[in-house]
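**Q** Please see the structure below; I have some questions.
The values are calculated or read from the model by the stated rules, or taken from the named source; none is laboratory data. Please read these numbers as outputs of a predicted model, since none were measured by experiment. FYI the Cβ positions are ideal-geometry reconstructions off the backbone, even for glycines, and counts take in every protein chain you see.
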Amino acid sequence: MAPRYQERGDVRIETLIEIATLYYYEDVTQEDLSRRFSLSRAKISRLLQRARTDGLVEIRVHQSSSVGAELEKNFIDRFGIDRLLVSIDIRDPDAQRNAVARLVAAHLEKTLSPGKTVAVGMGRNVAAVADALVTPPCGGVTFVCAIGGSLRAGEHMNPDHICRRLAARFGGESETLYAPALVTDVAVRDELYRNDTVKLTLDRARRADIALIGIGDLSEDSNMVRMGWFSPQEIAEARLGGTIGDTMGYDFIDIHGRPAITSMQGRVIGLSREDLDRIPDVIAIASENTKAPAILGALRTGAIDTLATSFANAHTILSLDEATRLRPTSS
């Protein structure tokens, strides 16, 4: 439903559309709009911003296809992935996340068909994909939680909610993993893996055609830090021990893609790195500019088939790869 701009002395929706049309399509300046509508120039500027925020105006900037193709070739040659989905750089983090999510949504719209299964992780980047879908649903797609749930995650972070939203947008079905995302130790995790209900859902996720996962880091804004999954001491010790991030909670890794040695390892209920290796198209999504080292570590695991990120991250990753690549030791 369109917002009602006639309230509180604001302009009507029809006027807002007219202002946006004149500005973006007919190149009428903000100063001329100010005189024409008897509004201050600052007010015109705020209304144009609101038109973009509310989706009345969508601005697309097209990168040179040759630049994107060359960058993708570098990633394919260097990391063995199948494709790179790379977004223009946007200063606002939420807008950047949405731009990357739109690329993933477009990829899904082209590749999904009735009967296919998608294993779904958690996180803001994965959640944003559901809101980015544009074309009519294909129907008949099953979205399966590939990691347990958490009350602290919130509606837009919990894999069950993300699965339901994706299923609603695609006209498919969702399947919940009835297990917590995090447990106290490996023994509890192993016991849950033996539970018939948990095992059945994870087995379906393992047979998925596509996996949607995020890449986490250990910054103050990371999911696991904000949700309090691990203590500050555990986080600090992990960083000192070389842990650079995680592939959406499945495995903690160092910058070389090796399993990190940390007490946090092995406590998340979900697919393992080996499980991801068997899924034909593992799509890793990471839009934040703090995640380049974690993305590099994830790429070096060999589990990723499709990477979706920003141009800035892509270039930083290539530079980091050069600087941190393990060189063979001379005998």
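**Q** Take the residues in the stretch 186-231 that are assigned to a loop (DSSP other than H, G, I, E, B) and at pLDDT 85 or above; name whichever of them is surrounded by the most Cβ atoms within 10 Å (Cβ to Cβ).
**A** Top of the filtered list is Ile215.
**Q** Same structure, new question: Being in a loop (DSSP other than H, G, I, E, B) and of a type in the set (D, E, K, R) is the filter here, so list the residues in the stretch 293-309 that pass it.
**A** Asp305
**Q** When residues of the stretch 70-93 are filtered for being surrounded by fewer than 12 Cβ atoms within 10 Å (Cβ to Cβ) and either under 19 Å from Leu299 (Cβ atoms) or at pLDDT 95 or above (or both), how many remain?
**A** Residues in the stretch 70-93 being surrounded by fewer than 12 Cβ atoms within 10 Å (Cβ to Cβ) and either under 19 Å from Leu299 (Cβ atoms) or at pLDDT 95 or above (or both): 3 in total.
**Q** Now, a different point. Can you name every residue in the stretch 63-116 that is of a type in the set (Asp, Glu) and part of a helix (DSSP H, G or I)?
**A** Glu70, Glu72, Asp77, Asp94, Glu109
**Q** Can you spot a residue in the stretch 175-184 that is within 15 Å of Ile285 (Cβ to Cβ) and either surrounded by fewer than 20 Cβ atoms within 10 Å (Cβ to Cβ) or modelled with pLDDT under 95 (or both)?
**A** There is no residue in the stretch 175-184 that is within 15 Å of Ile285 (Cβ to Cβ) and either surrounded by fewer than 20 Cβ atoms within 10 Å (Cβ to Cβ) or modelled with pLDDT under 95 (or both).
**Q** Still on this model: Would you be able to tell me the number of residues in the stretch 64-111 that are touching a residue at least 24 places away in the same chain (Cβ under 8 Å) and among the polar types (S, T, N, Q)?
**A** Total meeting the criteria: 5.
**Q** List pairs: first in the stretch 263-283 and surrounded by 15 or more Cβ atoms within 10 Å (Cβ to Cβ), second basic (Lys, Arg) and at pLDDT below 95, Cβ under 7 Å, 6+ apart or cross-chain?
**A** Close Cβ pairs satisfying both conditions: Gly266/Arg189; Arg267/Arg189; Ile269/Arg189.
**Q** Quick one: which residue in Ser272, Ser263, Ser287, Ser310 is farther than 17 Å from Asp77 by Cα and in contact with a Pro (Cβ under 8 Å, 6 or more places away or on another chain)?
**A** Within the list Ser272, Ser263, Ser287, Ser310, the selection yields Ser287.
**Q** I've got another one for you. For the stretch 158-174, enumerate the residues that are part of a helix (DSSP H, G or I), modelled with pLDDT of 90 or more and either among the β-branched types (Val, Ile, Thr) or farther than 17 Å from Ala132 by Cβ (or both).
**A** Across the stretch 158-174, the qualifying residues are Asp160, Ile162.
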